[in-house]
Amino acid sequence: MEKEGAVRSIFHIDANSAYLSWTAVSMLENGYPTDIRQIPAAIAGDPASRHGIILAKSIPAKAYGVGTGESLFEARRKCPNIAVFPPDYELYMRCSDAMYDVLHWYSPQIQRYSVDECFMDYTMSEKKFGLPSEVAEKIKERIKKELGFTVNIGISCNKLLAKMGSELKKPDRIHTLYPEEMERKMWPLPVGELFMVGRATERKLNKININTVGDLARSDPHHMKALLKSHGLLIWGYANGIDDSEVIPNSEIFQKGVGNSTTTGYDVTDKEEARKVLLALAEKVAMRLRKLGCLTSLVCISIKTDRFIRYGHQLQLPRPIDTTSEIYSHVCRLFDECWKGEPLRHLGVSVSDLSKAEDCIQLSFFDSRITKKNQELDKAVDWIRELYGEEAVIRGVFANSDFKPILGGTHDGDFIMMGGYKS
């Protein structure tokens, strides 16, 4: 049923099992014989390790009880024959961009909320393209036909209800969720399915017999504030469909950071070997940072020992940087400061506190000359690698070496998620 006379018409477009679907489409296009969406399959953060994390799973894998966020070890206990594939964040960004381009045909008011979901304010476009439900169907089918994956679309008068609508039943569905439909469609849901209700909050609510979204909607807001402070009022409002936030247009997803890590094939005990691994990781991090057009002001490393003890170290920089040599020099300094000589099983490099390159100003004349030279060198190397492959140009330290000169690793993208537009 189409809602008439709504103040706003908001869509929430959510790619179904995005990482797995996008990987499946890419593999099929490159000749892979099986659609991994049709078999027990998963995308895991570190398929080479028993301790990787499930990032996305197929519907057949879900039938075995495999869940997003659990360990790969646990997933294989539930489904021994599950096929596991590594994430490809650069592919996912291209797919996200393609989805955004389709949506932009129908409205300029698009907020990219995460890599796999967007909000679209369709209010001013209705006169040109038609009723929201009819256009949502066109968008859904265009994405399926042109891009090869499916989406869910929720339609309502605000962002909160549009998002909750898109979650109702998957995959490849369109749902409306207007205020008069909440009692029938949203209120019977478990309270943990309401946006912004996490596990800890759900447990607190369950203890006072608030088990459904409807229970929360009908509760006393003063009681919620006493129990959960301002967050209690927020989720009480959400349970009642209250949300006046705007769709804030942004053509790009701003990343909070860029990270890269790897589990080594054997325990690393030699300092120079560890530094080679860190260089291969830093190389990829710096390349991705430059591709984003960003600089970093915070460099971090993480370490896991053979006894699975994790620790890390970070350094706030006096000025933002993006060159491989500078990032790696700080990585080495951090490593030397925190490594105690234990055998290492896992190493990671990440950068955060990002800023756009055009917004940054060099403060030192001498630093500026050196940095400019390094930036031009990195730009040339990036261009060659883009054309001829990442190993077309490698550092001399990796010549005649068993070490890979560039490591893709895991945890490549740390995106600002729900509510995450950064101006």
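Taken together, the values in this text are just the output of simple stated rules run on the coordinates, not laboratory data. Since the model is a prediction, treat every value here as computed from it, not as a measurement. Cβ sites come from the backbone with ideal geometry, for glycine too, and all protein chains shown count toward neighbours.
Tell me, what is the percent relative contact order of region 214-287, built from C-alpha pairs under 8 Å that lie six or more residues apart?
22 percent
With a bin width of 10 angstrom, please list the P(r) values of region 187-239 as percents of all Cα-Cα pairs, from the 0 bin to the one holding the largest distance.
30, 67, 3
Considering only L131, L279, L354, give the residue with the highest GNM mean-square fluctuation for the chain, with springs between Cα atoms whenever their separation is below 10 Å.
In the Gaussian network model the winner is L131.
For helix 89-103, report the angle its Cα long axis makes with the longest principal axis of the Cα atoms of the chain; keep it between 0 and 90° and round to the nearest 10°.
Value to nearest ten degrees: 40.
Which of the three applies to region 1-178, rounded, prolate or oblate, going by the alpha-carbon gyration tensor with a ≥ b ≥ c and a/c under 1.5 meaning rounded?
The shape class here is prolate.
Answer with one residue from C294, N374, Q316: the one whose Cα lies farthest towards the positive end of the charge dipole of region 255-415, charges on Cβ with Lys, Arg +1 and Asp, Glu -1.
It is Q316, whose Cα lies furthest towards the positive end.
Taking 8 Å as the Cα distance limit and 6 or more residues as the minimum spacing, I'd like the relative contact order of region 98-244 as a percentage.
15 percent
Quote the charge dipole size of the chain about the Cα centre in Debye, to the nearest 20; the model charges only the Cβ of Lys and Arg (+1) and of Asp and Glu (-1).
800 debye
Based only on the alpha carbon positions, what is the Kirkwood hydrodynamic radius of region 80-156, in angstrom?
Hydrodynamic radius (Kirkwood, Cα only) of region 80-156 equals 13.8 Å.
Compare A380, A98, A274 in a GNM of the chain, Cα atoms joined below 10 Å, and give the one with the largest fluctuation.
Fluctuation is largest for A380.
Using Cα springs under 10 Å in a Gaussian network model of the chain, which residue among G214, G389, G259 shows the largest mean-square fluctuation?
G389
Does region 210-339 come out rounded, prolate or oblate, given a ≥ b ≥ c as the square roots of the eigenvalues of its C-alpha gyration tensor, rounded meaning a/c under 1.5 and, failing that, prolate meaning a/b above b/c?
prolate
So how tilted is helix 365-388 from the main axis of the chain? Cα-based, degrees 0 to 90, rounded to 10.
Helix 365-388 sits roughly 70 degrees off the main axis of the chain.
Over region 187-239, what is the relative contact order in percent, taking alpha-carbon pairs closer than 8 angstrom and at least six residues apart?
Value for region 187-239: 40 percent.
With angles folded into 0 to 90 degrees, how steeply does helix 18-29 sit against the dominant principal axis of the chain? Use alpha carbons for both and round to 10.
The helix 18-29 is inclined about 70 degrees to the chain.
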